[in-house]
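The values are calculated or read from the model by the stated rules, or taken from the named source; none is laboratory data. If you're wondering where the values come from, they're calculated on a predicted model, not measured in any experiment. Neighbour counts are summed over all protein chains in view; Cβ atoms, including those assigned to glycine, are modelled from backbone coordinates with ideal geometry.
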Amino acid sequence: MALPPPDPQFVLRGASAAVHTLHFSCGSQEPDVPILFSGSENGFVHVWNLKTHRVDTALDGHGRKSVYCVETMGGKDRLLSQGRDQRICLWDLAEGRTSVADSVFTENVGFCRCSLLKVAQGRWLMAMAAKALEEVQVLELPSKTSVCTLKPEVGAKLGMPMCLKLWQLNCGSQPLLLAGYEDGSVVLWNLSMGKALSQLVCHQEPVMSLDFDSEKAKGISGSSEKVLSIWSLNEQQNLQVYKTHKLVNAGISDITIRPDKKILATAGWDHRIRIFGWKKLKPLAVLDYHTATVHCVSFSDHKNPSERLLAAGSKDHRISIWSIYTQT
Amino acid sequence: MYQAITTGTTVQTTEHDNLEKKLEILRAVKRGGGLFQLLSSSPSFYPREVVEVLEQFLQEGRISALMWEVCQQQAQAGSPEVQEALLNKVVCLPDHVSNELQGKNPPVFFPQNYFPLLGGAIIQVLQKISDSLRGGLDCSISFVSHVLGKVCVHGRQKEILSVLVPRLTDLTKSDCIWQRICWRLVECVPDRWMEAVVLGFVQRAPGADTLSRLLGNLVVKNKKAQFVVTQKVLLLQYCHTTPVLQNLLGYLSLDSLRRALLIKVLQELLETWGSSSAVKHSPPEQQQYISKAILICLSHLKEPEIESCRQELLTSMMEGVKCHLDSNLPQIRRLGMIVAESISSKINTDGPVLKFQYEEDDEARELKSLLVPTPPLCIGPSLPDDELESNKKSHTAAPVMPDEESDAELDSDDDLIPYDMSEDKELKTKAPVYIRECIEVLTGSEDVDKWEATVKALETLVRKNPAATREVSVELAKILLHLEEKTCIEGFVELRQRAQVAVLTTDPIPVAKYLTSQFYSLNYSLRQRMDILDVLVLAAQELSYPKSRGKTKHSGAQKPCIQLLPGSDSSKDWRRIVDERIKSKTRRFATGQSQVELASGPNEFNSIAGHFFFPLIQHFDRPLTTFDLLGEDYFVLGRLVHTLAILMYLAVNTVAVTAMGKALLEFVWALRFHTDSYVRQGLLSCISSTLLSVPTERLLEDMTEELLETQSWLGDVVEKDPDGDCRRLALQNLLLLENLKKKLKTVPS
């Protein structure tokens, strides 16, 4: 008899709005406390102290418009947040400051989260949906210079970009972008040429989220349908469907592969978090705690594997923190 | 001429034993009476012998010699009376012989044998005519034409043309003299017989090009033939098959002189197709026929011709599509859609074309296939098809599923032990538990999931809580009547309808009163009005049907029993279990009917039939600003009439049935000349259900006059109604009336 699924390790309450995005920052040494950033529908970014389970700071930088992406750049002192006010804010949180150091006006009205990739010390690339409906723009941060604009071919009818993932095979190699589009296809872009390398129609509905494992050259995407699609990238840079996995309920809002590439978590519209083994996509657990759609899932970056956490933010205003498969 | 006959017969006479008699006959022939007069003379004059001579005459093939003789003489103008008489005798020989011998005639005089023989003779004569024409000699073909015409008009087209057409098809293939002979043969047929001949050719020619070879430009030269081809066959008759139509219209399209006629024909067809009175009054079969003809015409039209009449085509298409879409019969609507689509695709080769949504069935496909011009006959070997098929198969089999097990990865997720996932079920939003909560959700809720769940749960909820439903029944009925599809739920219309039926059956009188009053009030869509009718019918059906009613009663009756007397209930249970066990282990050998006891109980429809019926029948003749039953909303009227028929039928054995029947007959009488066939069908069903539901004595005592009036109307319908279904229903009604009469006769004895 299999064990019953675990309960959350603890629950963070007090965001007082639907939680749309989560990001851990737990990699630093003692005496720094592990931190979880959350972005919520009321426009606040909350900084949660994972020792006390209380909000340390609430950052208000998006004019009370929903925040749907938070990322750190390097340490926990530099934060990036993206909101529905069409701005991406870069925060300076060092020494207790809470100020917006810089911001990018995206002019995009969609829900597409930006994607960040560290290319060198102090240099990042950021991909974001641009003003024009089908385009993706890549900027270099912190200089904010535009690297390239990725336009689909005329007549491709991809629709809006829905989710982005910047990656590179190893440090110093060519950065690439995977983008999921409204028509259900995933496109691999070469940034230097600004050209689509491969396109794969994975879903019938818009791709809601995707994640990619560059070591195995394999990725996974979810949409509003009942299936997860796993696809792989071959040496010729061609995407092909590897397998699909049927879900009980339709709708996936977020997918994250744990940094050690052992398991992955999905956030479902059916209020449930699902855990799968990444290698064979073996279903491992269904975490049923939330009472509304789960919007995001995130794994922590603890140095010690046994401390690793999983966080999920939901429309029911709560953030659940789970400790699961930490021993492997 | 008489020489020809005598030479024909003398050859054979020598060998026969009754030589003398024959010689006598021949002598009589020679005396001037004539062979054919023999037949009309008294039977005492050796009828058998005469017939034998005639038989030989035929078998020797002398009839062709006879006709050839006449043809030669005709060129030098023979006597018309003699020709007429001879024509009569040649064509009617089987009848005369049969009359003379009282039906005991030899097989050669059977029409099915005689006329093919005559056909062969005609070919021989034509052969001779062709030879003599080639020899430069003049001769007339008109006698042969007369024979052909008369045979055809006597209804023997099949026999004679089945010989003539294939032979002539062969002979005219490459010989222009033969073609001219053939054209002349048809042209010389007198007008009064032309129709039969032309029709025969059109029906039997294997293809349009053959027909064109056989008839030439007959339609251009002969007014009668033109009338038959362009008017009668296309617009006045509709019994011909599609190949015949294709032959005919193909024939028109094959010559530039005739193409003008083709366009004229198309215009006339379109005029009929687009006339609203034709759509209303002509039978669906004819409309289908005309549609087919239009499509075939379109398939023959060429680009410049379409260009020249594009505007006219467009106008008639617009008119036609309007009156077809107005029709109550789905078949007619679809015909209109298909034809309009085809016309529009023909006239707008590059612009936007009409596109309708309709079910693609065999009929639609057949009609559309007519739009593709029929290729000249080429039946290739079926091998390529097979090859194609096998190719396809091998292709489909080719993509082999990637073998998942061959995955090079050796590692797996085995070190991860899954948790119990049995709780991972499909998500369900909680449906409301109380009727009042449902009302709240349905009227004001923004929560779409909850709304969906409510719509799905409402019927069961209503049926489970009749008392709670009665408190809010009218309000609920009102909400349901106005409920519109918020999200895309599968089977929404059905769910809503079932809920409405449940409400109506739970609290029939107030809800029926509400619904029937709403049927005649302002500002409802036709759809809503028809919904009302459907709900009334379904509820009436449920109420009057004993079984389902018994079931609900049962569960309701048992509940208090459990609460009050648990002891007795359990003992009942015990009894039941034992009974079932015995039943399951006992084999019964019985030959009689299975002893299923029908659930019986009072008819719930009895007390409320009137509440369903009378409000509906009262206001039909008062038009509102938005709703005019007797005017253009005749589709709803049709549904109303059918609904009344069903309610009447379901009201059998109720108290109100006699009053209902009387009212219904009056209602039918008022509408009996309605132009729409769907309405008339409903009226006839009303009469049927009245006759079936109202007790015979009441019918005959209380409604004698109405019945007599109805009977005479039914008689009229059976004879004159253009709609086949109406005629059939009327006939059934007359039979029902007959049965009533019979019953009446048997009852007193």
- Query: For A:D270, which of the numbered conditions (1) over 17 Å from the mean Cα position of the chain (by Cα); (2) closer than 26 Å to A:S25 by Cα; (3) at the interface with another protein chain (Cβ under 10 Å from one of its Cβ atoms) fails to hold?
  - Reply: (2)
- Task: Being assigned to a strand (DSSP E or B) and more than 7 Å from chain B (Cβ to nearest Cβ) is the filter here, so list the residues in region A:273-282 that pass it.
- Result: A:I273, A:R274, A:I275, A:F276
- Selection from region A:3-16 of residues crowded, with 18+ Cβ neighbours inside 10 Å and in a loop (DSSP other than H, G, I, E, B) yields A:P5, A:P8, A:A15
- Query: So which residues in region B:494-524 are at pLDDT 90 or above and farther than 23 Å from B:M648 by Cα, if there are any at all?
  - Reply: B:E494, B:L495, B:R496, B:A499
- Flag if A:A217 is in contact with a Leu (Cβ under 9 Å, 6 or more places away or on another chain) and surrounded by fewer than 20 Cβ atoms within 10 Å (Cβ to Cβ): yes
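Here is a yes/no grid of residues against (1) modelled with pLDDT under 75; (2) touching a Leu at 6+ places or on another chain (Cβ under 8 Å):
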{"residue": "B:L526", "(1), (2)": "no, no"}
{"residue": "B:Q541", "(1), (2)": "no, yes"}
{"residue": "B:S548", "(1), (2)": "yes, no"}
{"residue": "B:T552", "(1), (2)": "yes, no"}
{"residue": "B:A557", "(1), (2)": "yes, no"}
{"residue": "B:S571", "(1), (2)": "yes, no"}
{"residue": "B:S594", "(1), (2)": "yes, no"}
{"residue": "B:H611", "(1), (2)": "no, no"}
- Query: What is the number of the single condition among (1) of a type outside the set (A, V, I, L, M, F, W, C); (2) surrounded by fewer than 20 Cβ atoms within 10 Å (Cβ to Cβ); (3) assigned to a loop (DSSP other than H, G, I, E, B) that A:S198 does not meet?
  - Reply: (3)
- Message: Among the residues that make up region A:317-327, is at least one of them crowded, with 16+ Cβ neighbours inside 10 Å, in contact with a Leu (Cβ under 7 Å, 6 or more places away or on another chain), outside any loop (DSSP other than H, G, I, E, B) and away from chain B (no Cβ under 13 Å)?
- Response: yes
- Message: Which residue is surrounded by the most Cβ atoms within 10 Å (Cβ to Cβ), if the candidates are limited to region A:249-269 and must be closer than 14 Å to A:L22 by Cβ and of a type in the set (A, V, I, L, M, F, W, C)?
- Response: A:A267
- Item | A:A311 being surrounded by fewer than 18 Cβ atoms within 10 Å (Cβ to Cβ) and in contact with a Ser or Thr (Cβ under 7 Å, 6 or more places away or on another chain) | no
- Query: Which of the residues that make up region A:283-307 are surrounded by fewer than 24 Cβ atoms within 10 Å (Cβ to Cβ), assigned to a loop (DSSP other than H, G, I, E, B) and within 14 Å of chain B (Cβ to nearest Cβ)?
  - Reply: A:Y289, A:T291, A:A292, A:T293
- Restricting attention to region A:194-241, the residues that are of a type outside the set (F, W, Y) and in contact with a Cys (Cβ under 8 Å, 6 or more places away or on another chain) number exactly 9
- Message: When the residues of region B:242-281 are narrowed to those that are surrounded by fewer than 19 Cβ atoms within 10 Å (Cβ to Cβ) and part of a loop (DSSP other than H, G, I, E, B), which ends up farthest from the chain's Cα centre (by Cα)?
- Response: B:D255
- Flag if B:I63 is part of a helix (DSSP H, G or I), over 24 Å from B:Q203 (Cβ atoms) and either modelled with pLDDT under 85 or aromatic (F, W, Y) (or both): yes
- Of all the residues that make up region A:245-283, how many are among the polar types (S, T, N, Q) and without any contact (Cβ under 8 Å) to a residue 40 or more places away in the chain? 1
- When every residue in region B:314-329 that is surrounded by fewer than 18 Cβ atoms within 10 Å (Cβ to Cβ) and part of a helix (DSSP H, G or I) is compared, the one nearest to the chain's Cα centre (by Cα) is B:L325
- Query: If we only count strands (runs of 3 or more DSSP E) wholly inside region A:32-126, which ones have 3 or more residues that are of a type outside the set (A, V, I, L, M)?
  - Reply: A:35-40, A:44-49, A:54-60, A:67-72, A:78-83, A:87-92, A:99-105
- Query: Checking A:S99 against (1) surrounded by fewer than 21 Cβ atoms within 10 Å (Cβ to Cβ); (2) within 29 Å of A:W48 (Cα to Cα); (3) touching a residue at least 12 places away in the same chain (Cβ under 8 Å), which single condition isn't satisfied?
  - Reply: (3)
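Residues checked against (1) surrounded by fewer than 22 Cβ atoms within 10 Å (Cβ to Cβ); (2) at pLDDT 90 or above; (3) closer than 19 Å to B:D621 by Cα; (4) out of contact with any Leu (no Cβ under 8 Å at 6 or more places or on another chain):
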site: B:L647; (1), (2), (3), (4): no, yes, no, no
site: B:T654; (1), (2), (3), (4): yes, no, no, yes
site: B:E666; (1), (2), (3), (4): yes, no, yes, yes
site: B:S688; (1), (2), (3), (4): yes, yes, no, no
site: B:L699; (1), (2), (3), (4): no, no, no, no
site: B:P722; (1), (2), (3), (4): yes, no, no, yes
site: B:A730; (1), (2), (3), (4): no, yes, no, no
site: B:L735; (1), (2), (3), (4): yes, yes, no, yes
site: B:T746; (1), (2), (3), (4): yes, no, no, yes
- Which of the following residues is within 14 Å of A:S38 (Cα to Cα), under 16 Å from the mean Cα position of the chain (by Cα) and modelled with pLDDT under 95: A:T72, A:T57? A:T72
- Quick one: B:C438 ticks every box in (1) in a loop (DSSP other than H, G, I, E, B); (2) surrounded by 18 or more Cβ atoms within 10 Å (Cβ to Cβ) bar one, so which box is it? (1)
- Item | Test result for B:F620, within 33 Å of the chain's Cα centre (by Cα), surrounded by 17 or more Cβ atoms within 10 Å (Cβ to Cβ) and not in a helix (DSSP H, G or I) | yes
- Please state which one of A:T52, A:T21 is in contact with a strand residue (DSSP E or B) (Cβ under 7 Å, 6 or more places away or on another chain), more than 14 Å from every other protein chain (Cβ to nearest Cβ) and polar (S, T, N, Q). A:T21
- Inspect region A:221-229 for any residue being facing chain B (nearest Cβ under 8 Å), more than 18 Å from the chain's Cα centre (by Cα) and either of a type outside the set (G, A, S) or assigned to a strand (DSSP E or B) (or both) and give the result as yes or no. no
- Item | helices (runs of 4 or more DSSP H) fully within region B:99-197 counting 2 or more residues that are farther than 19 Å from B:Q83 by Cβ and in contact (Cβ under 8 Å) with a residue 24 or more places away in the chain | B:111-134, B:157-171, B:176-187
- Task: Return the total of residues in region B:286-313 being more than 19 Å from the chain's Cα centre (by Cα) and within 28 Å of B:N247 (Cβ to Cβ).
- Result: 17
- Somewhere in region A:245-262, is a residue of a type in the set (G, A, S) and within 12 Å of chain B (Cβ to nearest Cβ)? yes
